[in-house]
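Below is one structure, written out as structure tokens; comments come after it.
The values are calculated or read from the model by the stated rules, or taken from the named source; none is laboratory data. Bear in mind the structure is a predicted one, so any value in this text is a computation, not a measurement. Cβ atoms come from the backbone with ideal geometry, glycine included; neighbour counts cover every protein chain shown.
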Amino acid sequence: MSAPPPAGAVDDEDDEAPEIVEVGPEAASGDLERLLSAAERAALARFTAAKRRADWLLGRAAAKEAVARALAAAGASCPEPTAIEVEADADGAPRVALPPGLPRVVASLTHGHGRAAAWATLPGLGQGLPGVDLERVRPRPEGTLRFYLRPHERAGVLALAPGPGGDAWGPRDEAAVVVWALKEAAFKALAPARGHGLFDVEVALEGRPGAAPTGWGAARGRARVVYVDRMAARAQALGVAAVDAGWRRAGDLVLAWARARP
């Protein structure tokens, strides 16, 4: 597959880190549209809001490149971009459709804030199920934390220093967003049906938020993720035994990933 020029890979310090494809706003929409199948072009045409259209297009471009890289890494033949279709199921989770004869590939994508990221794996090779999420750090009022953090998670976040006020954020706000993004990534990895929620994902940070941003890698960390309640049942049904998870921040953007592995 011929990747769009802005697509890149997010690297980490060890062999367990995923290859996450990132596509930014510098990508020309015309170049990205040429990657779409006829069905995807029809789907794109249904968006009337320019921002929604741009986000969707970036997400599909990142997902197609992620699928191509996953196939290439496994030694499988790589179809043309237009033959890699990324559909949405009834709950909105991406589903990869490939030509006959190719191994099953699963993908997770995230888009927003003018960027998109995607990660694809081959579960049949024991690579696990991927999840990615991209969020922007903003001041998080204490009252909002109860909507997605369990009491002990809130206590850990609230122990950090708050921001100086106004639109400026601090370590507490960053941690709140990092945990949120990690929960979203772990949630996406299992692609559950409606009725599951972020309370069913527990996260404990192993990296300390708050480092000064000088690019990916200046602020990063790992996390311990545990599925509980309904998500624990979902994980068991899928044969998930453990979760690897990590995050990194560039400026005010946080990219989180989670791999639900057998």
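Each residue in region 157-173 was checked for being exposed (fewer than 11 other Cβ atoms within 10 Å of the Cβ), in a loop (DSSP other than H, G, I, E, B) and not hydrophobic (A, V, I, L, M, F, W, C), and 3 pass.
Every residue, every condition in (1) outside the structural domain of V225 (by TED's automatic domain parsing); (2) in contact with a helix residue (DSSP H, G or I) (Cβ under 6 Å, 6 or more places away or on another chain); (3) of a type outside the set (A, V, I, L, M, F, W, C), yes or no:
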| site | (1), (2), (3) |
| --- | --- |
| A83 | yes, no, no |
| E87 | yes, no, yes |
| A107 | yes, yes, no |
| A116 | yes, yes, no |
| A155 | no, no, no |
| E174 | no, no, yes |
| A191 | no, no, no |
| H196 | no, yes, yes |
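The test for being assigned by TED's automatic domain parsing to the domain that holds T121, of a type in the set (G, A, S) and within 17 Å of H113 (Cβ to Cβ) does not hold for A39.
Whenever a residue of region 181-205 is touching a residue at least 60 places away in the same chain (Cβ under 8 Å), its partners that are of a type in the set (S, T, N, Q), lying with C-beta atoms within less than 6 angstrom and at least six residues away or across chains, give the pairs K188/S108.
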